[in-house]
1. Let me know the charge dipole size of the range 435-531 about its Cα centre in debye, to the nearest 20, where only the beta-carbon of Lys, Arg (+1) and Asp, Glu (-1) is charged.
2. Specify the angular offset, from 0 to 90 degrees and rounded to the nearest 10, of the alpha carbon long axis of helix 316-329 from the longest principal axis of the alpha carbons in the chain.
3. For the chain, what does the accessible surface come to per residue with a 1.4 Å probe? Please give it in Å².
4. Roughly how big is the chain's charge dipole about its Cα centre, with Cβ charges of +1 (Lys, Arg) and -1 (Asp, Glu), in debye to the nearest 20?
5. Calculate, axis by axis, the spread of Cα positions in the range 246-286 along the three principal axes, and write the results as whole Å, longest axis first.
6. To the nearest 500 deg cm²/dmol, what mean residue ellipticity at 222 nm is calculated for the chain from DSSP H runs of n ≥ 4 alone, each contributing -39,500 (n - 2.57), summed and divided by the residues?
7. Leaving ligands and nucleic acids out of the surface, order 513, 240 by accessible area at 1.4 Å, largest first.
8. Students often check this: by mean Cβ neighbours within 10 Å, which of 611-619, 426-434, 198-206 ranks highest, and how do the rest follow?
Amino acid sequence: MEDKNDIRETRLQKERELLKKLEPTNYTLDFPDCSRSLEIVTEVQTFPVKFFIHLPERYPFQSPKVSLSVSDKLTSLTEFYDDENILEHVLGESWIPVINLSSVIEKLVHYAHHSYKARGKSLLAEIFSMYWKWSIIIVVLLALLVRVAMIAQPHSGYDNHPKYGDYEAQRHWMEITTNLSPDKWYKDSAENDLEYWGLDYPPLTAWHSWFLGSVSSMIEPESMVLGESRGYLTSSHKLFMRLSVILGDLFAFIPAVFMFFKMYYRYLSGGIKYSAIILIFLSPPLLLIDNGHFQYNSIMLGFSLWAVVLVYYDYLGLSAVVLALALNFKQMALYYVLPFGCIWMAKAWKRARHQSMRFQPNIRWGIMAAEIILTLSNIIGCGIITTIIIWIPWIGSISDITQVISRIFPLQRGIFEDKVATFWCVSSIFIKYKELFPTNLLAMLSALLTLAASLPFLVLLFKRKPINLSFLHALSGVSLSFFLFSYHVHEKTILIPLLPFSLLSVIDTPELFRFYVLLGTFSMYPLMIKDGLRFAYFCLSMVFYIMAGDVIKTLNYFQDRKGHNLTLWYIGIILIHLMEFIEPPQQYPYLFDTIIAAYSFLGFLYIWIFTLKSHYQIKGDSDPRYHLENRLRKKAKMS
């Protein structure tokens with residue numbers, strides 16, 4: 001024990017002598033002879049930043065305690081909740097005894113000069129910084145306010161007799177599910193004409209419709225009368241329908257986004273974090289489709305995001321349960337399945353390797369294999385059991401299961417409908433696929449092309465660290481590959497790849513985040529015309545463009561970067577909008593819609609290439625705790 005005490009005292013004395021010899025130019029140091037506490041003061045843009053370092057008795061075998069005092073005129077992208085995080089963040093690694101005080105001081109000062117800037121560059125960030133205790137409430141209220149404002153807007157198929165649109169489809173599913181037994185929900189009959197908005201989503205959507213229909217029949221019974229309520233629309237029932245979408249946001253989507261940011265961007269300053277969150281909530285595509293056109297996509301997206309959060313926390317079985325809920329709510333959640341399968345395998349491998357280290361080398365591989373099989377069996381079993389519970393009314397009959405699946409995956413509808421920004425629709429200008437190839441062959445070709453486009457992201461998911469950052473890239477790239485190349489894609493499906501890319505890029509590449517969101521909105525413009533949502537389209541797009549610009553300016557200011565110049569892309573969107581005032585030739589009545597689809601496809605392809613390049617270039621510590629810190633320190637060259 002005495003030897004260790006001597007080592008510690010000798011080390012401290014040498015450190016003290018070394019610090020006395022230093023001649024700092026950009027900071028002052030106060031380290032009294034009989035003290036274990038240091039004070040370092042530096043100035044950033046004439047404002048003081050103070051670091052207080054306390055050396056514990058067991059130093060250097062125990063890490064120093066660092067606290068921070070910053071002028072209220074300065075702000076940073078990072079924010080700490082306890083003193084230990086400061087040192088860990090600045091060093092980029094856990095404390096080890098070979099690190100000396102002079103290098104710690106140098107990095108702390110370097111960090112201060114590259115991380116702190118004068119306030120006043122972002123209105124949103126300043127508001128959330130000033131009222132940080134109320135930030136969550138402000139964000140939620142603002143998100144709800146915009147959604148409530150959408151209640152009065154037109155919806156899909158408004159006053160469009162006899163089939164109306166998606167609004168009537170959702171109401172009709174409530175009517176069917178509350179009046180018929182579950183085994184009849186997907187079957188064609190006199191009571192359930194599948195040609196009139198027959199159910200074509202998985203059973204969890206049907207159960208959701210049953211629940212809402214039960215509530216609706218209590219509040220307004222005439223809205224759910226079987227066969228007699230087609231096209232039913234009153235102001236009170238429309239309010240009920242609109243509020244049901246907002247409640248879906250509150251139940252699934254909004255909490256999932258908050259939880260993701262708390263986990264993934266845990267050291268991000270509150271002002272920037274809540275500014276980014278409000279941009280996610282005010283994303284025009286989701287607002288226009290769910291709260292305008294009328295659908296419940298936010299529930300599926302919320303379930304999917306909860307699955308991502310659970311994977312990050314290593315609750316793999318629970319993540320499978322929640323992903324199964326997403327898949328059974330909307331089949332488009334299949335866009336996420338391949339990356340989830342890969343990260344489950346990667347985490348099962350990591351867990352098995354850790355467990356096997358306790359055993360002798362000659363049996364280690366056998367233990368690893370058994371552990372991997374058990375982990376994957378648990379994950380798959382959780383997903384299957386969840387699905388079986390949801391499918392109980394249909395699992396007793398093969399014909400019933402087949403009928404439900406045929407409704408969920410309608411190959412007979414063709415490889416695309418309308419003008420959508422996919423490879424098949426855009427290239428059909430030159431190659432008439434529907435005339436040249438049978439449906440089954442087109443389905444196979446689209447599956448192969450989708451897998452080929454997804455494969456690079458799946459390979460990189462295993463090869464690039466940190467795996468959590470790699471996983472988000474894979475979700476973005478694979479889901480976009482499905483949108484661009486898979487079979488029978490709707491324009492609304494852009495919401496699926498847009499979510500993971502938004503979460504990935506809102507901080508790292510905010511210019512591309514804004515462009516992707518607005519391009520996705522633009523790609524749906526023909527649908528907005530059809531639904532009478534032009535006014536909402538332009539208002540939401542302009543508000544989003546301005547608010548995102550405020551955040552972009554702040555992030556670029558802090559990280560001393562110019563960002564991506566996407567002016568030409570925006571000019572192209574404006575010019576195409578102006579073409580709406582030009583009458584198309586009679587032989588090309590859908591020229592305007594086709595140009596929008598082709599231009600949007602090129603933009604999405606640009607995003608796909610960027611995502612792949614960004615995924616390939618990932619280099620970081622294998623410990624996922626440090627990947628955000630490494631990116632934020634990159635400009636300061638402290639990695």
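1. Working: 6 positive and 5 negative charges, 67 e Å.
With Lys and Arg at +1 and Asp and Glu at -1, about 320 debye.
2. It works out to around 30 degrees.
3. Values: 29370 Å² over 639 residues.
Per residue, the chain has 46 Å² of solvent-accessible surface.
4. On the way: 58 positive and 54 negative charges, 338 e Å.
Using Cβ point charges on Lys, Arg, Asp and Glu, the chain gives about 1620 debye.
5. Extents along the principal axes, in whole Å: 29, 19, 12.
6. Values: 26 runs with 385 residues, N = 639.
Value at 222 nm, helices only, nearest 500: -19500 deg cm²/dmol.
7. These residues rank, largest area first, as 240, 513.
8. Numbers: 611-619: 16.7, 426-434: 13.0, 198-206: 21.3.
Result, highest mean Cβ count within 10 Å first: 198-206, 611-619, 426-434.
The values are calculated or read from the model by the stated rules, or taken from the named source; none is laboratory data. What you see is a predicted model, and the numbers here were worked out from it, not measured in a lab. Quick reminder, even Gly has a Cβ in these numbers, built from the backbone with ideal geometry, and neighbours come from all protein chains shown. The protein model used for the area step is the full one, side chains on, heavy atoms only, and it has no ligands, DNA or RNA in it. Shrake-Rupley method; radii C 1.70, N 1.55, O 1.52, S 1.80 Å.
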